[in-house]
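The values are calculated or read from the model by the stated rules, or taken from the named source; none is laboratory data. These numbers were taken from a predicted model, which means no experiment stands behind them. Note that we place each Cβ from the backbone using ideal geometry, even for glycine, and neighbour counts take in every protein chain shown. Heads up: the accessible areas ignore ligands, DNA and RNA and are worked out on the full protein's heavy atoms, side chains in. Shrake-Rupley method; radii C 1.70, N 1.55, O 1.52, S 1.80 Å.
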Amino acid sequence: MPRSCLPAVLLIAALCAGHAATRAAEQDEARAALQRGEIRPLEQVLDAARREVPGDVVKVELERDDGRWTYEIKILTPAGERREVELDAKSLQILEVD
């Protein structure tokens, strides 16, 4: 590898390490929220989303906005449509369906 590539490689490595640390912190925060009862177990969340929009879950995102935990569940319906269900992570109330 040419020496001129070394700074770019080091920058990429640093960014990847930072991203991994951020992901680990997010996972720890979600685990703690589950233990405190602020969010429901994923199995319950997926069941609630599939009752609203039947199909295969293709992506799950847990977010916290203004102190409120929400799940965004992306589902591929049997008809091949991509739908998104947003739920309150504690009550499992459906907030929005796109």
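For the range 34-45, the criterion of being among the aliphatic types (A, V, I, L, M) and in a strand (DSSP E or B) is met by no residue.
If the condition is being within 12 Å of the chain's Cα centre (by Cα), part of a strand (DSSP E or B) and either more than 13 Å from Ala49 (Cβ to Cβ) or among the small types (Gly, Ala, Ser) (or both), then the range 67-96 contributes only Trp69.
Looking only at residues in the range 67-80 that are open to solvent by 70 Å² or more (accessible area, probe 1.4 Å) and in contact (Cβ under 8 Å) with a residue 12 or more places away in the chain, the one that is nearest to Glu43 (Cα to Cα) is Leu76. Being in a strand (DSSP E or B) and either of a type in the set (D, E, K, R) or within 19 Å of Glu29 (Cβ to Cβ) (or both) is a condition met by no residue of the range 46-53. Among the criteria (1) within 22 Å of Ala30 (Cβ to Cβ); (2) among the hydrophobic types (A, V, I, L, M, F, W, C); (3) not in a strand (DSSP E or B), the one Leu62 does not fulfil is (3).
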